[in-house]
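Worksheet: one structure, shown below.
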Amino acid sequence: MEDRPINHSLSQTETPSLPEEDKSVLQIWGRTPLHGHVKISGAKNSALAIMAGALLCPQDCRLRNVPSLVDVKRMSQILLALGVKLERKGDILDIDARHLEQSKAPYELVSQLRASFFVIGPVLARLGVARVPLPGGCAIGARPVDLHVRGLQAMGAEVQIDHGMVHAYVGGSGSKKLKGAKIYLDCPSVGATETLMMAATLAEGETTLENAAQEPEVVDLANFCRAMGARIRGAGTNTIIISGVPSLHSVDYSIIPDRIEAGTFLVAGAITNSELSLSPVVPDHLTAVIAKLHEIGSRVITEEPNCLRIVPGRIRAADIETLPYPGFPTDMQAQFMALLAQSEGDSVITETVFENRLRHVAELNRMGADIRVKGNNAIIRGVPRLSGAPVVATDLRASAALVLAGLAAEGKTSIQGLHHLDRGYDNLEVKLRQLGARLQRVQDEAEVGQVSADPSKVTALQPE
Ligand code: EPZ
């Protein structure tokens, strides 16, 4: 699950509560132009799925370009709890799942990371039994897993859910193998596509996933499984066909660059009127994001095959509707809302993927934005300038949006709720500081008191 369960009755204006231990504050002094080049890390949503996919293999797997994130650490803890051996060296993660014996994932870990539910497919395919807690709801929505469960049932699994635990097993007397099936997904769920694709790699027979998710992270997972010997066709389209094989073998695999981190830095250039370059990237993974930045008034240039450069322009209003890939990504919605908050004119952002992913509106309004929420629409009236303020992040991408707003705002912004940011961004502050941003993380603003007016005198914090 993305975040700890929260009281959904919070009104738009109430400040979300903070976990006790997370008192650290990110202080940003805005309106400093950025410059230079930033290195993009491996994709979080690929790494998490591929770490689950490594459970399919009874031999060593080496993953490269693995980002340094709290969510990756949490997924590592879950794999360890299942009996897997892991070794991390820089951005390399060695996984040895030959002794996968524990079929039960611990609640206290799954409840902190929704993506860990995806292990149910590989564990069930390897052991014939899997017990994984329901991930539950989170800050951005109810996050059901009915499509995962129904797909596994279609492949012959018996599934019972009680006391918050999903118990799945493959028929008693018969073979412990899942059976290939034709599965139609009611919605192109990324996680359900990944769970079922992984489960099908070791099933008997052929599985077809129709209305499958087409995200680049799904393709990356498919390529990883194929590198282990799986037989998968059609990943990246809405129909994926998997022909089961008896077992998979070792692989040394490099994860794709994070398109959402790349998109976040492109918006950082646009919102601070700064020219930036970033690599490595896969430009084709950012088509919708680049098209929207052009519409809003920036130019994004592809340099060499894996480098993008943003040349900012005046920020014009634009409408955005989030959609499954290749549509505009919901994971970039909050960041673009921060950008459009300072545009000339009125914009409408419609969030169609998650039912509760507009909670950053209240925090942006505290910074002087003029945004109203009507259902799943945010109506944004552009203002000339945001102003720094104390704000609280409500989820991962909302925290990125508040950082971007802080970079553009007049004065100082103090952001709490940094546990959200640390889940999904690899040393964001270090990367921004290297681009010239004036920011620092302090343990507790109240205790530390006001920092000197000019943070450039403060020594840069070392990455964790
Ligand atoms: C993945 O979440 C990503 N997370 C999310 O990124 C991303 O926002 C999302 O896909 C959509 O692109 C990871 O890959 C770890 P979904 P996932 O299943 O798989 C409904 C980030 O910020 N649904 O595609 O959980 C669901 O409620 C995170 O990096 C069902 O109804 O998303 C939602 O409305 C946030 N039943 C819609 O589908 C199911 O069984 C899309 O969800 C499953 C999903």
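The values are calculated or read from the model by the stated rules, or taken from the named source; none is laboratory data. Quick caveat, the model's predicted, so the values are computed rather than measured. Ideal geometry is used to build each Cβ from the backbone, glycine not excepted, and the neighbour counts take in all protein chains shown. These accessible areas exclude ligands, DNA and RNA; they are computed on the full protein's heavy atoms, side chains included. Shrake-Rupley method; radii C 1.70, N 1.55, O 1.52, S 1.80 Å.
For region 22-181, the equivalent ellipsoid built from the Cα gyration tensor has semi-axes of 33, 20, 14 Å, listed from largest to smallest. For the chain, the share of DSSP beta bridges that are antiparallel, to the nearest 5, is 70%. If both residues of a DSSP beta bridge must be in region 208-355, then about 75% of such bridges are antiparallel. Across region 131-272, the relative contact order, built from alpha-carbon pairs under 8 Å that are at least six residues apart, equals 18 percent. For region 293-333, there are no residues whose amide N sits under 12 Å from a probe point set 7 Å from the Cα of residue 161 along the beta carbon direction.
Hey, what's the per residue convex hull volume over the C-alpha atoms of region 249-307, in cubic angstrom?
So the per-residue hull volume is 89 Å³.
A Förster distance of 30 Å, applied to the separation of the beta-carbon atoms of residue 184 and residue 80, puts the FRET efficiency at 0.25. Were the residues from residue 206 through residue 146 laid out at 0.36 nm apart, the gain over their Cα-Cα distance would be 19.4 nm. Taking label points 7 Å from Cα along the Cα-to-Cβ direction, residue 441 and residue 39 give a separation of 1.8 nm. The calculated FRET efficiency for the pair residue 311 and residue 98, based on their C-beta separation and a Förster distance of 56 Å, comes to about 0.65.
Surface composition of region 182-269: carbon plus sulfur atoms hold 48% of the accessible area, using a 1.4 angstrom probe and ignoring ligands, DNA and RNA. For the chain, the solvent-accessible area works out to 38 Å² per residue, with a probe of 1.4 Å and every protein chain left in place. On the beta carbon distance between residue 64 and residue 233, with R0 = 22 Å, the FRET formula returns roughly 0.30. For region 311-459, the percent of C-alpha pairs falling in each 10 Å distance bin, counted from 0 to the bin holding the largest distance, reads 11, 40, 35, 12, 2.
Axis of helix 287-296 versus longest Cα principal axis of the chain: the two differ by about 20°, to the nearest ten degrees. Magnitude of the charge dipole for region 155-269, about its Cα centre and with charges confined to Cβ atoms of Lys, Arg (+1) and Asp, Glu (-1), is about 460 debye.
List the relative contact order of region 264-412 as a percent without decimals, with contacts defined as Cα pairs under 8 Å and 6+ residues apart.
Answer for region 264-412 is 21 percent.
Contact order for the chain, expressed relative to its length and based on alpha carbon pairs under 8 Å spaced 6+ residues apart, stands at 20 percent. Computed in the context of the full set of protein chains, the accessible area of region 275-426 at 1.4 Å probe radius has 50% of its extent on carbon or sulfur. Where in region 91-105 does the amide nitrogen come within less than 18 Å of the point 7 Å from the Cα of residue 252, taken along Cα to Cβ? Backbone N within reach: 91-97.
In the chain, what is the volume of the convex hull around the alpha carbon atoms, normalised per residue and reported in Å³?
Roughly 128 Å³ of hull volume per residue.
Can you pull out the trypsin sites (Lys or Arg not before Pro) in region 302-357 that DSSP calls coil and that have at most 16 other Cβ atoms within 10 Å?
314
Projecting each Cα onto the charge dipole of the chain (Lys/Arg +1, Asp/Glu -1 at the beta carbon, about the Cα centre), which of 365, 345, 36 comes out farthest on the positive side? It is 36, whose Cα lies furthest towards the positive end.
Of 425, 107, 253, the order by accessible heavy-atom surface (1.4 Å probe, DNA, RNA and ligands excluded), from most exposed downward, is 107, 253, 425. Residues whose amide H falls under 5 Å from that of residue 181, counting only those 5 or more places apart or on a different chain, are 207, 208, with hydrogens built in the peptide plane. This model, with +1 at the C-beta of Lys and Arg and -1 at the C-beta of Asp and Glu, gives the chain a dipole about its Cα centre of some 380 debye. Each residue of region 326-331 was assigned a 3J(HN,Hα) from its phi angle through the Karplus curve 6.51 cos²θ - 1.76 cosθ + 1.60 (θ = phi - 60°); the sequence is x, x, 5, x, 4, 6 Hz, with glycine and proline shown as x. Under 30 Å of direct C-alpha separation, and excluding same-chain neighbours fewer than eight residues apart, residue 104 reaches these lysines: 44, 73, 85, 89, 176, 177, 179, 182.
The long axis of helix 70-81 is offset from the longest Cα principal axis of the chain by roughly 20 degrees. For a label point 7 Å from the Cα of residue 87 along Cα→C-beta, name the residues of region 212-255 whose backbone N is under 12 Å from it. No residue qualifies, since no backbone N sits under 12 Å from the label point.
Positive end of the dipole of the chain (Cβ unit charges, origin at the Cα centre): among 416, 153, 253, the Cα lying farthest that way belongs to 253.
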